[in-house]
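**Student:** Got a structure for you, written out below as structure tokens; questions coming shortly.
Read-outs throughout are calculated quantities, based only on the coordinates presented, and are distinct from any laboratory measurement. Everything numeric here is computed off the predicted structure, so don't read it as measured data. All Cβ positions, even for glycine, are placed from backbone atoms using ideal geometry, and neighbour counts span all protein chains on display.
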Amino acid sequence: MESKCSSEEEAQAQVDIWKYVFGFTEMAVVKCAIELRIADVLESHDGRPMTLPELSSALSCSPPILYRIMRFLIHRKIFKEIRVGQESTGYVQSPLSRLLMKNGDNSMVAFVLLESSPVMLAPWHGLSARALATGASAFTAAHGEDVWRYASANPAHNKLINDAMACHARVAMSAITEIYADVFKGIGSLVDVGGGDGTTLGILVKKCPWIRGINFDLPHVISSAQNWDGVEHVGGNMFEKIPKADAAFLMWVLHDWGDDECINILKKCREAIPGDTGKVIIAEAVIDEGEEDTFKDVGLALDMVMMASHGQRKREDF
Ligand SMILES: C[S@@+](CC[C@H](N)C(=O)[O-])C[C@H]1O[C@@H](n2cnc3c(N)ncnc32)[C@H](O)[C@@H]1O
Ligand SMILES: O=c1cc(-c2ccc(O)cc2)oc2c(O)c(O)ccc12
């Protein structure tokens, strides 16, 4: 059956296609804003607007180039421009630009730097080859080894991953401990399997001080993890043995793996917890096919990241 488009739809398509033609510019310019520390400098101006000469001098940037960068970011509502006196305008922060401050609350800087790193971008060029073949992930095709092996041999990339995961952990754990507080009642010890740098458990133990935390991850991740009160770090391989605890927690781990590997991880969790009272708590992004939820775009993008990086798909799809 032929589907007819209205002339308005066709006109809109002529506009929309440019979003994809120039899609990469958003990530690139946001990364540039982070590197220049635009949000940090504006924040240190005590909420007062900064004019172009003031901002370019504080950042040691060329004013005409900074003007164009700011025009782009303001159009996308990342920063705001307000009137200063009769003649001039100045730049100020927005809720979005505050997430681009290096040490801001809920900073997403580390996540942007991971996703825009050359190591992460290379596999995207092999996505169609991945769809046509049944072998390794696009990451392995691009770099010759899987993400975790690559990270263990490249400390700078390992840090990018762990810092990015910590960004997500801070946001996710503040919501999880608020909304699902009851899940953690009565748990004496909890092992976070693939827990990264321990941020997740650091936050959990602070909110639920009756829990003794065991942060379990690959040895190269544990060797650079930070210290957290009430959290012990253990290095190892979750496919071999997971430290014993009353409960096992898995966040953003199962979606990295295929079905057979997930079954093996879950079996190892089963061996680590008490047979009668043990709990396995799983925190994952869910794509709900039926409903339009606020984070649907993010979930679908994350699914593509899984496909490019690990070769997996979100499990609830099938
Ligand atoms: C996507 S990250 C999630 C980190 C953390 N759970 C979070 O949500 O912030 C997956 C973690 O699994 C860890 N991992 C991968 N293979 C592992 C293995 N065989 N044994 C233990 N941890 C592993 C990685 O090092 C990484 O820290
Ligand atoms: O957003 C990501 C990114 C990665 C990732 C990190 C480093 C690489 O060299 C490739 C991919 O991995 C993720 C992941 O495993 C996950 O569970 C969620 C998000 C991401």
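**Student:** Counting only DSSP beta bridges with both residues in the chain, tell me the antiparallel percent, nearest 5.
**Tutor:** So the antiparallel bridges in the chain amount to around 25 percent.
**Student:** Semi-axes of the equivalent ellipsoid for region 117-183, please: Cα gyration tensor eigenvalues, times 5, square-rooted, ordered largest first, whole Å.
**Tutor:** Over the Cα atoms of region 117-183, the ellipsoid semi-axes are 30, 16, 10 Å.
**Student:** Could I have the simple spin-label model distance between residue 177 and residue 94, label points 7 Å from Cα toward Cβ, reported in nm to one decimal?
**Tutor:** 3.1 nm
**Student:** While we're on this one: Which cross-chain or sequence-distant (5 or more) residues have an amide H under 5 Å from the amide H of residue 94, H modelled 1.01 Å from N in plane?
**Tutor:** Amide H neighbours of residue 94: 80.
**Student:** Among 99-112, 264-277, what's the highest-first ranking by average C-beta atoms within 10 angstrom per residue?
**Tutor:** By packing density, highest mean first, the sequence is 99-112, 264-277.
**Student:** For region 196-250, with only Lys/Arg (+1) and Asp/Glu (-1) charged at the beta-carbon, what is the dipole magnitude about the Cα centre, in debye rounded to 20?
**Tutor:** Once rounded to the nearest 20, the dipole reads 160 debye.
**Student:** Under Stokes-Einstein, with the Kirkwood radius over Cα pairs standing in for Rh, what whole-number D in µm²/s applies to region 268-307 at 20 °C and 1.002 mPa s? Numbers along the way, then the final one.
**Tutor:** Working: Rh = 12.7 Å.
Rounded to a whole number, D works out at 169 µm²/s.
**Student:** Can you work out the Karplus-derived ³J(HN,Hα) for every residue in region 95-105? Use 6.51 cos²θ - 1.76 cosθ + 1.60 with θ = phi - 60°, whole Hz, and x for glycine or proline.
**Tutor:** So the J values, rounded to whole Hz, are x, 6, 5, 5, 6, 9, 8, 4, 10, x, 4.
**Student:** Obtain the nm distance between the two label points defined at residue 261 and residue 65 by a simple spin-label model: each point lies 7 Å from its Cα along the Cα-to-C-beta direction.
**Tutor:** Distance between the two pseudo-spin positions: 4.1 nm.
**Student:** While we're on this one: Using only C-alpha positions, report the orientation-averaged shadow area of the convex hull of the chain, nm², one decimal.
**Tutor:** 21.9 nm²
**Student:** Right, another one. Residue by residue through region 270-275, what is 3J(HN,Hα) from phi via Karplus (6.51 cos²θ - 1.76 cosθ + 1.60, θ = phi - 60°)? Round to whole Hz and write x for glycine and proline.
**Tutor:** Values per residue, Gly and Pro as x: 4, 6, 7, 10, x, x Hz.
**Student:** Give me, ordered by chain and number, the residues 5 or more places off residue 280 or on other chains with an amide H under 5 Å from its own placed amide H.
**Tutor:** 248
**Student:** What residue among 148, 18, 252 shows peak mean-square fluctuation when the chain is described by a Gaussian network model with Cα springs under 10 Å?
**Tutor:** Maximum fluctuation in the GNM of the chain, among the listed residues, is at 18.
**Student:** Can you tell me the equivalent ellipsoid semi-axes for region 43-110? Use √(5λ) from the Cα gyration tensor, largest first, whole Å.
**Tutor:** Numbers: eigenvalues 80, 36, 30 Å².
In descending order, the three semi-axes are 20, 13, 12 Å.
**Student:** Just to check I understand the Karplus step: with θ = phi - 60° and J = 6.51 cos²θ - 1.76 cosθ + 1.60, what whole-Hz values come out for region 183-191, glycine and proline as x?
**Tutor:** 4, 9, 5, x, 8, x, 9, 9, 9
**Student:** What's the magnitude of the charge dipole for region 1-67 around its Cα centre, counting Lys and Arg as +1 and Asp and Glu as -1 at the beta-carbon? Answer in Debye, nearest 20.
**Tutor:** So the dipole magnitude of region 1-67 works out to roughly 260 debye.
**Student:** Also, I was wondering about something else. For the chain, with only Lys/Arg (+1) and Asp/Glu (-1) charged at the beta-carbon, what is the dipole magnitude about the Cα centre, in debye rounded to 20? Write down the numbers at each step before the final one.
**Tutor:** Working: 31 positive and 43 negative charges, 178 e Å.
Rounded to the nearest 20 debye, it is 860 debye.
**Student:** Right, another one. In terms of the Cα gyration tensor, with a ≥ b ≥ c the square roots of its eigenvalues, is region 228-318 rounded because a/c is under 1.5, prolate because a/b exceeds b/c, or oblate?
**Tutor:** Prolate is the answer for region 228-318, as a/c is 1.5 or above and a/b outweighs b/c.
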